[in-house]
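Data block below; observations after.
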Amino acid sequence: MSSKSGKQPLLVLIGPTAVGKTQLSLTLAKAYDAEIISGDSMQVYRGMDIGTAKLPIAEQQGIPHHLIDIIEPETPYSVADFQTGCVNGILEIAGRGKLPFIVGGTGLYVESVCYGFEFSESGSDEAFRAQQERFAEEYGAEALHQKLAKVDPKSAERLHPNDMRRIIRALEIFHLTGQTLSSQLEGQKRESPYELCIIGLTMDRAELYARIEKRIDAMMEEGLVQEVQRLLERGIALNAVAMQGLGYKEIAMYLRGECTLDAAVTLLKRDTRRFAKRQLSWFRHMKDIEWIDAGENFHNNLERIHGIIAGKFQVNLEYTSNQSFLDGGNVQ
């Protein structure tokens with residue numbers, strides 16, 4: 001597979017949670033002999049399967065998946081860590097003659113690889129961090145989030161109020177440099193080192209929200225409460241990066257007796273809907289995305305997706321409506 005520019009081809013599939021990326025990624029990976037790299041900031045953690053919606057190995061259809069289950073939940077994982085692992089993965093996959101294929105919904109992580117963001121060390125101020133942590137303990141996570149919103153509204157918009165580590169880091173960057181995190185990101189180059197083909201999935205908001213609620217109900221049936229319980233019994237701290245993920249913080253509140261299970265699930269559904277909205281907001285600011293409606297008529301759009309990829313990567317794949325990558329109806 002080649003590209004018009006001579007750069008390494010890189011296929012990317014993005015979209016909000018529950019929009020249908022996983023099943024489509026398997027279809028495309030088989031059609032284009034690709035290996036999948038997870039673009040999800042939480043799937044790197046071992047023992048966190050249900051809440052992160054990991055695809056079981058038995059359902060991966062023999063397609064290699066990378067950057068999944070690579071570290072323990074006690075270990076922090078940053079965008080710079082992801083970028084390094086992903087770039088190395090792209091080189092290895094291409095070296096095997098396969099197409100590198102990033103699939104995920106963590107906007108900054110994916111964008112950092114697509115456009116080769118450079119992360120300079122801004123230094124640290126441990127006393128400042130401790131001060132912000134004490135502020136959050138006294139006044140709550142929402143109050144800390146509002147502090148960030150006052151100095152860096154764009155970063156506040158994309159960060160969940162519970163994501164204290166990243167909120168404090170954004171405040172720390174402003175404290176140390178006088179520049180906001182969002183302005184630093186906007187100053188990054190937007191020329192990709194790859195021949196990019198970015199497919200973005202979207203759908204009617206009401207339909208997406210219904211799918212989110214259905215997914216969370218399924219997670220509860222699969223044992224999300226027990227998964228979070230095992231993590232807490234292991235001694236994973238509530239302020240660990242891994243425990244800030246959707247599902248883990250809310251269920252931990254229930255297990256600690258801070259709310260009922262019904263209240264925790266209601267909160268999780270609300271937070272996940274808000275997260276999907278932030279994901280879409282982030283992606284809307286990215287360039288080079290070919291948007292596809294993943295709703296009821298998605299089956300009819302698969303041929304268009306093929307045409308987009310074929311045009312980018314100069315492939316000549318014969319296909320009809322009977323072939324596997326057009327089979328299966330709507331993406332689940």
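Nothing in this text is a laboratory measurement; each read-out follows from the coordinates by a stated rule. Computed from a prediction, not measured in an experiment: that's the story for all the values here. Glycine also receives a Cβ, built like all others from the backbone with ideal geometry; neighbour counts cover every protein chain displayed.
Calculate I(q)/I(0) for the range 126-186 by the Debye formula, one identical point scatterer on each C-alpha and no solvent, and give its log10 at q = 0.22, 0.27 Å⁻¹ to two decimals. Log-scaled intensity ratios, in q order: -0.79, -1.17.
Quarter the surface of the alpha carbon convex hull of the chain and you get the mean projected area, 16.9 square nanometres.
Rounded to the nearest 20 debye, the dipole magnitude of the range 82-221 is 240 debye, with +1 charges on Lys and Arg beta carbons, -1 on Asp and Glu beta carbons, and the Cα centre as origin.
Tell me the relative contact order for the chain as a rounded percent, counting alpha carbon contacts under 8 Å between residues six or more apart. After rounding, I find 28 percent. Summing charges over neighbours of residue 20, with a neighbour being any other residue whose Cβ is under 14 Å away from its Cβ, gives 0 when K and R count +1 and D and E count -1. Kirkwood hydrodynamic radius computed over the range 189-306 comes to 16.8 Å, based on all pairs of distinct alpha carbons.
Reducing the range 102-162 and the range 270-297 to their Cα centroids gives an inter-centroid distance of 20 Å. Separation of the alpha carbons by more than 26 angstrom is noted, of 98/312; 30/269; 7/287; 214/287, for 30/269; 214/287. Computed on the range 98-221, the Cα convex hull volume stands at 178 Å³ per residue. For residue 99, the residues whose amide H sits under 5 Å from its own are 34, 35, ignoring neighbours fewer than 5 places away on the same chain, with H placed 1.01 Å from N. Between the amide H of residue 239 and any residue lying 5 or more places away or on another chain, no distance stays under 5 Å, with hydrogens modeled in the peptide plane. Of all aspartates and glutamates in the structure, the ones whose alpha carbon falls short of 16 Å from that of residue 150, not counting any fewer than 8 places away in one chain, are 142, 172. Against the compact-protein benchmark of 2.2 N^0.38 Å, the Cα-based radius of gyration of the range 2-138 scales to 1.19. Amide H contacts of residue 201: 14, 15, 292, each under 5 Å away and 5 or more positions distant or on a separate chain (H built 1.01 Å from N in the peptide plane; Pro and chain starts excluded). Based on the Stokes-Einstein relation at 20 °C and a viscosity of 1.002 mPa s, and on the Kirkwood radius from alpha carbon pairs, the range 2-71 is assigned a translational diffusion coefficient of 161 µm²/s.
Are there any GluC sites (Glu not before Pro) in the range 133-212 that are in a DSSP loop and have at most 12 other Cβ atoms within 10 Å? List them by number.
Answer in residue order: 191.
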